[in-house]
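Scroll down for the structure; my scribbles are underneath it.
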Amino acid sequence: MARVEASAEGVEEWDEAAPRPKALVESLRSFGYSPETAIADLLDNSISAGASEMVLHFEWAGSDSHLAIVDDGRGMDEATLLEAMRPGSISPLSTRAASDLGRFGLGLKTASFAQARELTVITRDASGQAHVRRWDLDLVGTSGQWRLLRLPSAQAAPYLSQVTRTGGTAVVWSKCDRLVGDVEHDPERAADRFYAVVDQVRTHLGATFHRFLAGRGARSIRVNDVAVQPWDPILKHPATHLVTTEKLPFRGTRVEVKAYVLPHRSKLSEQQQQAGAGIRGWNAQQGFYVYRNKRLVVSGDWLGVGGAKDEHTKLGRITIDFDSELDLDWQIDVKKSTDPRQVLEGAAGSHRTRRAAGRGLRRPGDRDAGRAGRRRRQVGRDARRRGAGGQGAALHGAAARLRAGCHLRYPAAGGGRATAIPAS
């Protein structure tokens with residue numbers, strides 16, 4: 001519809017170009033979520049609502065299969081539920097509470113639509129009244145309207161009485177075309193894939209939320225009646241070595257960086273070796289682990305500052321902790337993935353961290369002081385050449401010290417005799 005609006009310069013015309021519902025909802029399905037990352041996004045909402053128990057039900061029934069996530073967190077009143085079901089319900093520029101794991105107001109919808117064509121949310125408010133809203137993408141497509149239904153799907157209906165009785169919120173996926181696969185042509189393979197996803201989800205949640213699943217005030221996540229076990233990339237063991245720790249000021253807050261060398265396999269039991277290797281193995285799990293509000297968003301990646309993954313550094317892991325105030329700097333996207341280049345390249349310069357980076361490469365037993373000095377200067381040049389400022393140089397330095405530490409403790413491809421490392 002064309003509009004005419006008066007302005008100081010004269011008459012200005014503008015058009016309202018509302019998106020076509022069918023085209024937009026299909027586009028919202030293509031944000032790149034895997035089943036496990038989509039489900040983790042939904043659990044972010046549960047944790048932000050104060051849930052202590054989250055239960056996932058994967059129910060196989062061919063094309064009628066469904067997934068339900070039921071939590072005991074704070075429920076929503078009708079107006080809040082309606083807003084939560086609206087795509088883009090909260091601006092990413094809005095200030096959020098420190099405990100809030102959300103950012104874009106899209107996760108509930110995009111994560112769900114990536115795997116299913118029908119999304120039902122059932123919740124109970126403080127007065128004990130239950131409320132239901134449901135998106136059916138097929139209806140949106142055929143009607144050409146954003147029709148948000150007020151009745152649950154057939155698969156979600158049984159959870160209405162549960163939520164009404166116990167409180168909390170239930171999120172139910174049905175018409176799970178992408179989660180289930182091609183049931184009509186190969187039902188056996190579709191069933192195998194469905195149950196394989198159950199195992200993948202359990203493992204992924206154990207890593208993503210491990211800090212919420214352990215320690216004081218630990219939450220509980222169960223997948224098909226099996227408790228999710230936390231997986232901490234920093235193996236809790238007397239021989240785990242803390243190489244360096246730094247708290248880096250940035251935009252009025254602090255980013256905490258800790259670098260560790262994990263114990264050699266000769267010091268670990270078979271069970272501890274399996275735990276340390278994680279789902280991808282020792283080599284693949286090395287590198288940075290980035291946490292946003294205690295939630296893991298990057299798992300085992302050198303982020304372009306630590307070099308390539310190799311056998312000599314497979315025991316090296318660095319944790320980075322930041323809060324949601326730095327989301328824009330860390331380039332947090334809808335899926336809670338991150339691109340750290342802006343932080344690495346945009347922070348103010350720091351001679352202290354560059355000097356620390358150089359010191360990290362000094363090796364015990366170096367007789368040639370000139371050679372050690374050249375190594376220190378080279379680290380500084382590398383950091384400046386990559387545009388690394390305060391945090392950037394510090395992360396380069398932490399990676400350098402960690403890689404040096406790995407070589408010093410276990411110089412022969414992660415083996416050999418351990419050597420003490422001077423404290424940074």
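The values are calculated or read from the model by the stated rules, or taken from the named source; none is laboratory data. Bear in mind that the values here come from a model prediction, so they are computed numbers and not experimental data. When we count neighbours, we look across all protein chains shown, and the Cβ atoms used for this are built from the backbone with ideal geometry, even at glycine.
Key figures
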{"item": "Any strands (runs of 3 or more DSSP E) falling wholly within the range 238-304 and containing at least 3 residues that are over 24 Å from the mean Cα position of the chain (by Cα)", "result": "241-250"}
{"item": "Test for SER89: is it under 25 Å from the mean Cα position of the chain (by Cα) and at pLDDT 95 or above", "result": "no"}
{"item": "The range 147-176, residues that are out of contact with any Phe, Trp or Tyr (no Cβ under 9 Å at 6 or more places or on another chain), over 24 Å from PRO35 (Cβ atoms) and in contact (Cβ under 8 Å) with a residue 12 or more places away in the chain", "result": "ARG150, LEU151, LEU160, THR164, THR166, GLY167"}
{"item": "SER337, sole failed condition from (1) assigned to a loop (DSSP other than H, G, I, E, B); (2) at pLDDT 85 or above", "result": "(2)"}
{"item": "Close pairs from the range 28-43: first touching a residue at least 60 places away in the same chain (Cβ under 8 Å), partner of a type in the set (A, V, I, L, M) and in a loop (DSSP other than H, G, I, E, B), Cβ under 7 Å, at least 6 apart", "result": "ARG29/ALA114; PHE31/ALA114; PHE31/VAL334; TYR33/ALA114; ALA38/ALA114"}
{"item": "Residue that is surrounded by the fewest Cβ atoms within 10 Å (Cβ to Cβ) [pool: residues in the range 278-297 that are aliphatic (A, V, I, L, M) and touching a Lys or Arg at 6+ places or on another chain (Cβ under 9 Å)]", "result": "ALA284"}
{"item": "TRP282 vs. criteria on the phi < 0 side of the Ramachandran plot, among the hydrophobic types (A, V, I, L, M, F, W, C) and at pLDDT 90 or above", "result": "yes"}
{"item": "In the range 28-57, residue nearest to VAL298 (Cα to Cα) [restricted to those that are among the polar types (S, T, N, Q) and at pLDDT 90 or above]", "result": "THR37"}
{"item": "Unmet requirement for ALA6, which otherwise passes all of (1) at pLDDT 95 or above; (2) more than 26 Å from GLY168 (Cα to Cα)", "result": "(1)"}
{"item": "Test: VAL226 is in contact with a Phe, Trp or Tyr (Cβ under 7 Å, 6 or more places away or on another chain), closer than 29 Å to TRP282 by Cα and either surrounded by fewer than 21 Cβ atoms within 10 Å (Cβ to Cβ) or free of Cβ contacts under 8 Å to residues at least 24 places away in the same chain (or both)", "result": "no"}
{"item": "Matching residues in the range 186-218 - criterion: being under 30 Å from VAL290 (Cβ atoms), buried (at least 19 other Cβ atoms within 10 Å of the Cβ) and not β-branched (Val, Ile, Thr)", "result": "ARG202, HIS204, LEU205, GLY206, ALA207, PHE209, HIS210, PHE212, LEU213"}
{"item": "Some residue of the range 195-203 being aromatic (Phe, Trp, Tyr) and either in contact with a strand residue (DSSP E or B) (Cβ under 7 Å, 6 or more places away or on another chain) or not in a helix (DSSP H, G or I) (or both)", "result": "no"}
{"item": "Selection from the range 165-185 of residues that are loosely packed, with under 14 Cβ neighbours inside 10 Å and β-branched (Val, Ile, Thr)", "result": "THR166"}
{"item": "The range 110-142, subset small (Gly, Ala, Ser) and touching a residue at least 60 places away in the same chain (Cβ under 8 Å), residue surrounded by the fewest Cβ atoms within 10 Å (Cβ to Cβ)", "result": "GLY141"}
{"item": "Residues located in the range 266-281, provided they are out of contact with any strand residue (DSSP E or B) (no Cβ under 9 Å at 6 or more places or on another chain), free of Cβ contacts under 8 Å to residues at least 40 places away in the same chain and either in the same structural domain as ASP199 (by TED's automatic domain parsing) or within 17 Å of LYS309 (Cα to Cα) (or both)", "result": "ALA277, GLY281"}
{"item": "Out of LEU213, LEU160, sole residue that is in the same structural domain as LYS109 (by TED's automatic domain parsing), at negative phi and either part of a helix (DSSP H, G or I) or of a type in the set (Gly, Ala, Ser) (or both)", "result": "LEU160"}
